[in-house]
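K.L.:
So that we are looking at the same thing, I have put the structure below in structure tokens.
The values are calculated or read from the model by the stated rules, or taken from the named source; none is laboratory data. No experiment lies behind these values; they were computed from the predicted model shown. When we count neighbours, we look across all protein chains shown, and the Cβ atoms used for this are built from the backbone with ideal geometry, even at glycine. Note: areas computed on protein heavy atoms with side chains; ligands, DNA, RNA excluded. Shrake-Rupley method; radii C 1.70, N 1.55, O 1.52, S 1.80 Å.
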Amino acid sequence: MPSETTAATDLLLQTKDLCVDFATSRTVRAVDGVSLEIRQGEIVGLVGETGSGKTVFSLSLLRLIRRPGKICRGSLIWQGRNLLELGEEDMRRLRGSEIAMIFQEPQASLNPVRTVGAQISAVIQLHQKCDPAAGRREALRWLEAVRITDPERVYTSYPHQCSGGMCQRILIAMALACRPKLLIADEPTTSLDVTPQAQIMDLLLEIRERYGTAILLVSHDLAVIARMCDRIAVMYRGQIVEEAEAKDLYLHPQHPYTRLLMSTAPDPRLKLTDYEGADDLGEPPKVINPGPGCRFAPRCPLVMAQCRTSTPAMVELSPTHRAACYAVEKK
């Protein structure tokens, strides 16, 4: 959802009506009609509860969905190219060099039987076609760039010899080693304590400022990305239900689900004071294939009859704010 003043040439990534299905005993649609844009140098937050489809959507951007899952509909446009039309060899060259991803659970994402340096150097040599000595120099430079003290020691260490926060920095160094234009950070601080969390977030902000890297920051916690993002998209059960500039979303949330998420934020100004019983809405319904209507209807304090029979379309509230809700549409 670009602003009117943003040049079209700034557009890096654009998904249109993207859908991802998993065919098990029944077909489950994990991502359903998601349209999202990411522009050069901006940080976009993707927020929602566990199971909302955030990670599946993130993996689909790199075409890393494996069987029984598949991208079944939509387009995935990267700088004018539809990635869904590229061969696997072209996608392999693009991964890491143009779009890179930091996965959840940093220690589990690293190969336990290879040293840190060997893993980073391998990525650099693969994409930059350089010799091992040059790969080592670049790896050390990136370890230093992500504020790892004593990079020489860490270079020769194994992942189990590093803390969770240090492993996360190592993954960031590996992701940045080929200077991608877009960095996807999937719950990058979930397994970390408060202090390392703050340090990793500061590092991501510094990366954006220093290198102009666009970042898709995926989280289930609005508070974690409050100061990070330029725009935030709220995802519920495979669909984006609200998207706005970060400040506008926090000050004027429109979708009832966004307000429910806000009720868990530490800032008392963001409490869901207008929705009696919001704290008692419980867990999201465990329905494999939702029927007609709004997917939030079973939990929504503002539900109306039409919410149960037809799906609300996205309504543009301003050039930079939209939401999919009949209650919003009637305002």
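K.L.:
Looking at ARG136, ARG141, which one is touching a Phe, Trp or Tyr at 6+ places or on another chain (Cβ under 8 Å) and either open to solvent by 40 Å² or more (accessible area, probe 1.4 Å) or not small (Gly, Ala, Ser) (or both)? Steps first, please.
P.N.:
Details: ARG141 fails: touching a Phe, Trp or Tyr at 6+ places or on another chain (Cβ under 8 Å).
Selected residue: ARG136, the only one of ARG136, ARG141 that is touching a Phe, Trp or Tyr at 6+ places or on another chain (Cβ under 8 Å) and either open to solvent by 40 Å² or more (accessible area, probe 1.4 Å) or not small (Gly, Ala, Ser) (or both).
K.L.:
Condition first: touching a residue at least 40 places away in the same chain (Cβ under 8 Å), open to solvent by 30 Å² or more (accessible area, probe 1.4 Å) and either touching a Gly at 6+ places or on another chain (Cβ under 9 Å) or polar (S, T, N, Q) (or both). Now tell me which residues in the range 296-331 satisfy that.
P.N.:
Answer for the range 296-331, where residues must be touching a residue at least 40 places away in the same chain (Cβ under 8 Å), open to solvent by 30 Å² or more (accessible area, probe 1.4 Å) and either touching a Gly at 6+ places or on another chain (Cβ under 9 Å) or polar (S, T, N, Q) (or both): PRO301, SER318.
K.L.:
Would you mind listing the helices (runs of 4 or more DSSP H) fully within the range 136-244 where at least 2 residues are at pLDDT 90 or above and not aliphatic (A, V, I, L, M)? Explain how you work it out, then say what you get.
P.N.:
Working: elements: 151-155, 164-176, 194-211, 222-225.
Of the helices (runs of 4 or more DSSP H) lying wholly inside the range 136-244, those with at least 2 residues that are at pLDDT 90 or above and not aliphatic (A, V, I, L, M) span 151-155, 164-176, 194-211.
K.L.:
Anything in the range 221-239 that is open to solvent by 10 Å² or more (accessible area, probe 1.4 Å) and within 22 Å of ILE99 (Cα to Cα)? List them, or say none.
P.N.:
CYS229, ASP230, ARG231
K.L.:
For THR264, indicate whether it is open to solvent by 50 Å² or more (accessible area, probe 1.4 Å), β-branched (Val, Ile, Thr) and either closer than 17 Å to ALA324 by Cβ or modelled with pLDDT of 60 or more (or both).
P.N.:
Values: open to solvent by 50 Å² or more (accessible area, probe 1.4 Å): yes; β-branched (Val, Ile, Thr): yes; either closer than 17 Å to ALA324 by Cβ or modelled with pLDDT of 60 or more (or both): yes.
Yes: the conditions hold for THR264.
K.L.:
Within the range 164-175, can one find any residue that is farther than 15 Å from LEU192 by Cα, open to solvent by less than 20 Å² (accessible area, probe 1.4 Å), in contact with a helix residue (DSSP H, G or I) (Cβ under 8 Å, 6 or more places away or on another chain) and without any contact (Cβ under 8 Å) to a residue 60 or more places away in the chain? Talk me through it step by step, then tell me what you get.
P.N.:
Initially, the range 164-175 is screened for residues farther than 15 Å from LEU192 by Cα, giving 173-175.
Checking the rest, the ones that are also open to solvent by less than 20 Å² (accessible area, probe 1.4 Å) come to 173, 175.
Subset that is in contact with a helix residue (DSSP H, G or I) (Cβ under 8 Å, 6 or more places away or on another chain): 173, 175.
Remaining after also requiring without any contact (Cβ under 8 Å) to a residue 60 or more places away in the chain: 173.
Within the range 164-175 (the criterion being farther than 15 Å from LEU192 by Cα, open to solvent by less than 20 Å² (accessible area, probe 1.4 Å), in contact with a helix residue (DSSP H, G or I) (Cβ under 8 Å, 6 or more places away or on another chain) and without any contact (Cβ under 8 Å) to a residue 60 or more places away in the chain), the answer is yes, since at least one residue qualifies.
K.L.:
If the requirement is being surrounded by 15 or more Cβ atoms within 10 Å (Cβ to Cβ) and either without any contact (Cβ under 8 Å) to a residue 12 or more places away in the chain or under 26 Å from GLN199 (Cβ atoms) (or both), which of these qualifies: LEU76, LEU110, LEU83? Lay out the reasoning, then the answer.
P.N.:
On the way: LEU76 fails: either without any contact (Cβ under 8 Å) to a residue 12 or more places away in the chain or under 26 Å from GLN199 (Cβ atoms) (or both); LEU83 fails: either without any contact (Cβ under 8 Å) to a residue 12 or more places away in the chain or under 26 Å from GLN199 (Cβ atoms) (or both).
Sole residue among the options that is surrounded by 15 or more Cβ atoms within 10 Å (Cβ to Cβ) and either without any contact (Cβ under 8 Å) to a residue 12 or more places away in the chain or under 26 Å from GLN199 (Cβ atoms) (or both): LEU110.
K.L.:
Okay, next question. Give me a count of the residues in the range 196-221 that are without any contact (Cβ under 8 Å) to a residue 12 or more places away in the chain and β-branched (Val, Ile, Thr).
P.N.:
0
K.L.:
Could you list, in sequence order, all residues of the range 113-125 that are under 18 Å from GLU144 (Cβ atoms) and free of Cβ contacts under 8 Å to residues at least 12 places away in the same chain?
P.N.:
Here is the first cut: in the range 113-125, the residues under 18 Å from GLU144 (Cβ atoms) are 115-121, 123-124.
ALA118 - this is the single residue of the range 113-125 that is under 18 Å from GLU144 (Cβ atoms) and free of Cβ contacts under 8 Å to residues at least 12 places away in the same chain.
K.L.:
Look through LEU281, LEU272 and report the one residue that is at pLDDT below 90, surrounded by 12 or more Cβ atoms within 10 Å (Cβ to Cβ), touching a Ser or Thr at 6+ places or on another chain (Cβ under 6 Å) and not charged (D, E, K, R).
P.N.:
On the way: LEU281 fails: touching a Ser or Thr at 6+ places or on another chain (Cβ under 6 Å).
LEU272 is the lone residue from the list that is at pLDDT below 90, surrounded by 12 or more Cβ atoms within 10 Å (Cβ to Cβ), touching a Ser or Thr at 6+ places or on another chain (Cβ under 6 Å) and not charged (D, E, K, R).
K.L.:
So for the range 218-238 (the condition being out of contact with any Ser or Thr (no Cβ under 9 Å at 6 or more places or on another chain) and over 26 Å from MET314 (Cα atoms)), does at least one residue qualify?
P.N.:
Among the residues of the range 218-238, not one is out of contact with any Ser or Thr (no Cβ under 9 Å at 6 or more places or on another chain) and over 26 Å from MET314 (Cα atoms), which makes the answer no.
K.L.:
If I filter the range 119-135 down to residues being assigned to a helix (DSSP H, G or I) and hydrophobic (A, V, I, L, M, F, W, C), which single residue comes out as nearest to CYS167 (Cα to Cα)?
P.N.:
The first filter runs over the range 119-135 and keeps only residues assigned to a helix (DSSP H, G or I), leaving 119-128, 132-135.
Checking which are hydrophobic (A, V, I, L, M, F, W, C) leaves us with 120, 122-124, 126, 133-134.
Working: ILE120: 12, ALA122: 17, VAL123: 16, ILE124: 18, LEU126: 21, ALA133: 23, ALA134: 23 Å.
The residue in question is ILE120.
K.L.:
Please specify each residue of the range 33-55 satisfying the condition of being within 15 Å of ILE240 (Cα to Cα) and surrounded by 20 or more Cβ atoms within 10 Å (Cβ to Cβ). Don't jump to the end; show me each part of the working.
P.N.:
Kept after step one, since they are within 15 Å of ILE240 (Cα to Cα), are these residues of the range 33-55: 33-38, 44-55.
Result: VAL34, LEU36, GLU37, ILE38, VAL44, GLY45, LEU46, VAL47, GLY48, SER52, GLY53, LYS54.
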